[in-house]
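Okay, so here's the structure we're looking at.
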Amino acid sequence: MKIKTKLNLGVGLLFAMILLLALISSYYIFSIKKDTESILKANYNTLEYSRNMLLALDKIAENDDNSVVAFESNLLKQVANITEVGEEKVTNDLKAGFSALKTQRRNENLKGKIRQDIFEIMKLNMEAIKKKSDIAKTTAETGNLWIACTGTFCFLIAFSLLFNLPNNIANPIKELTESIRQIANKNYSERVNFISHNEFGDLAKSFNTMATKLEEYHNSNLYKLAFEKKRLETLINNMHDPILGLDNDGVVLFANTEALKIIGLKLEDVVGKLSTTLALTNDLMKSLIINQLESDKPHPMKIYYGEKESYFEKETVNITITPTGEEQSISIGEVIILRNITIFKELDFAKTNFIATVSHELKTPISSIKLSLQLLENVETGTINEDQKQLIESIKDDSHRLLKITGELLELSRLETGNIQLNIESSNPYKIIEYATEAVKKEAAQKQIEIIVDAEENLPNVKADSEKTAWVLINFLTNAIRYSSENTKVEVRLKKENNQLTFRVADKGKGIENRYKTKVFDKYFQIPGSHKSGTGLGLAISSEFIEAQNGSIGVDSELGLGSTFYFKLPSA
């Protein structure tokens, strides 16, 4: 039981008993007071009235009218103060006798009868006084008994608390004080063992944890710790990536040489300072520590470093430890690492420029090939046989595929270099679907695939680039037609969800395995076993187009049940 609970119970019980003692005492004192007041009011006053009537009766014979008035006044008071059994009858007889006496003032027999009635009233009240006095005495004796019992019980409780409670508190404190003295004398193996599960038990647990930590610290090799600390600092300083360490309060604990170079500050100006304070005068520190909403794809930071523009990726590592004697791990700070990705970014730029150049150079001869094929198909150029027609069709398909690939590569290079411009405006979603379905109608007819449009009515316009959005929808439809069997259906759905319009293209193809769902929108990715007739850029470009318009893109698919590609754009 907790010490606080013990104190509350002991003191509370003592308080309750004292309160009970006070209530009992008050009750019996009030009862005695009531009994005495009853004697005074009911009996003593009657005796007083009777004495006054006797004095007045002796003077009535002398024809003293004042005596008659005095007798009558006391008689009326007596009539109003009848309290005892039989007193009413005697009083009425007295009243009748007095009425007769007022006309026969010298009738001694009548006076004698009146005196006898007065004495009878006095006798009744004297007996009542004795009886009520006995009752008051009994009440007082009972009150004394109850007060004595209650007081004795209070004394026993107080006596028990006096001897037990101080020992209950003092003995553990004494033992704890002795253990602290042992710890002060460097006896770190000292432990406190309290069986009770109260505050002292919690204190003993905390004390033992402290003693364990002190023993652990005492047995540690301080030189080894200092050496390890120095080695760790050397390792951090020799790392090529900028590294910054912060504690839970945002105070900078360490910063290696590379971090100091890009921040542009000295070590003594950084270590021990609040990062938020440094951020007020240093833009790089501000971008490193201030929490901002970031997209799912981390964007590289461009920093002027080493007399050129460099690119870094920020990585924040939360550092946690499990203290000795405890079960839960706690956070002690974080380490910010900036990984230099400049060389990869330069290679990416070179790749993008190369792809853009090659795609642009290829587009012109491919267009010329298509024009030449159109001339060969013209009857005026000359007649061709069936074999030649098949060759022309084959060349036409290949050139169309090459033209599509170069177009996708050009679009991707424009996206990566930021040269593509989006014309975001209020667009009609029905016209976007109509344009996309018309563009793939011929391709769908070749496989006898029916395109079904299921669009809700009276939908608002969508805030998007209608051309780029239609391009994404055409890409979805093309893939759906390509991977669907002949004589099947491809469904285009349009509906409003919250403040967005959702475009969906559902097919009945073979579907996508779960492990590939998160990769289908990656660049150059193609599902193993699929028709590798493209570059794997269509869905990647679609993702870039939709996300650039503040939308989202995704796929729902089950293997063998088909796929549903969708994208969501905000309504205008």
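The values are calculated or read from the model by the stated rules, or taken from the named source; none is laboratory data. Remember, it's a predicted structure, so these values are computed and weren't measured experimentally. Please note: Cβ atoms are built from the backbone with ideal geometry, for glycine as well, and neighbour counts cover all protein chains shown. For the accessible areas, the whole protein counts, side chains as well, though only heavy atoms, and no ligand, DNA or RNA atoms are used. Shrake-Rupley method; radii C 1.70, N 1.55, O 1.52, S 1.80 Å.
Residues in the stretch 489-503 carry Karplus couplings, in order, of 10, 10, 10, 10, 10, 9, 8, 9, 10, 6, 9, 10, 9, 10, 9 Hz; the curve used is 6.51 cos²θ - 1.76 cosθ + 1.60 with θ = phi - 60°, and Gly or Pro positions show x. Local charge for residue 256 was computed over the other residues whose Cβ lies under 12 Å away, with Lys and Arg +1 and Asp and Glu -1, and equals -2. Accessible area per residue (1.4 Å probe, heavy atoms of protein chains only) ranks 65, 398 as 65, 398, with the largest value leading.
The heavy atoms of residue 326 offer some 90 square angstrom of accessible surface to a 1.4 angstrom probe. With R₀ fixed at 56 Å, the C-beta to C-beta distance from residue 164 to residue 229 puts the FRET efficiency at about 0.60. Working note: Karplus 6.51/-1.76/1.60 with θ = phi - 60° gives the stretch 114-125 the couplings 5, 4, 4, 5, 5, 5, 5, 4, 5, 5, 4, 6 Hz, where Gly and Pro are set to x. Between residue 137 and residue 14, the C-beta separation translates, for a Förster distance of 30 Å, into a calculated FRET efficiency of about 0.40.
On a 18 Å Cα-Cα criterion, which of the cross-link pairs 266/308; 496/523; 468/568; 59/111; 302/345 come out too long? Violating the 18 Å limit, Cα to Cα: 266/308; 496/523.
For residue 451, the residues whose amide H sits under 5 Å from its own are 490, ignoring neighbours fewer than 5 places away on the same chain, with H placed 1.01 Å from N. Accessible surface ranking for 47, 246, 371, 1.4 angstrom probe, highest first: 371, 47, 246. Sparse packing (at most 13 other Cβ atoms within 10 Å of the Cβ) combined with a DSSP loop state is found for the following GluC sites (Glu not before Pro) in the stretch 424-466: 456, 457. Summing +1 for each Lys or Arg and -1 for each Asp or Glu among the other residues whose beta-carbon sits under 13 angstrom from that of residue 424 gives -2.
Listed by chain and number, the aspartates and glutamates placed with their C-alpha closer than 16 angstrom to that of residue 95 are 72, 87, 117, 120; residues fewer than eight positions away on the same chain are left out. Per-residue surface analysis assigns residue 257 an accessible area of about 60 Å², computed on protein heavy atoms at 1.4 Å probe radius.
For residue 499 and residue 277, FRET efficiency with R0 = 35 Å and r from the beta-carbon atoms, rounded to 0.05? E between residue 277 and residue 499, to the nearest 0.05, is 0.30. Taking 0.36 nm per residue of separation and subtracting the Cα-Cα distance, full extension of the segment from residue 155 to residue 552 would add 134.9 nm. What the phi angles of the stretch 330-342 give under the Karplus curve with 6.51, -1.76 and 1.60, with θ = phi - 60°, is a coupling list of 10, 8, 10, x, 8, 10, 9, 10, 10, 8, 6, 10, 4 Hz, glycine and proline written as x. Taking 154, 149 and ordering them by how much accessible surface each has at a 1.4 Å probe, largest first, produces 149, 154. Computed with every protein chain present, the accessible area of residue 508 is close to 150 Å² [probe 1.4 Å].
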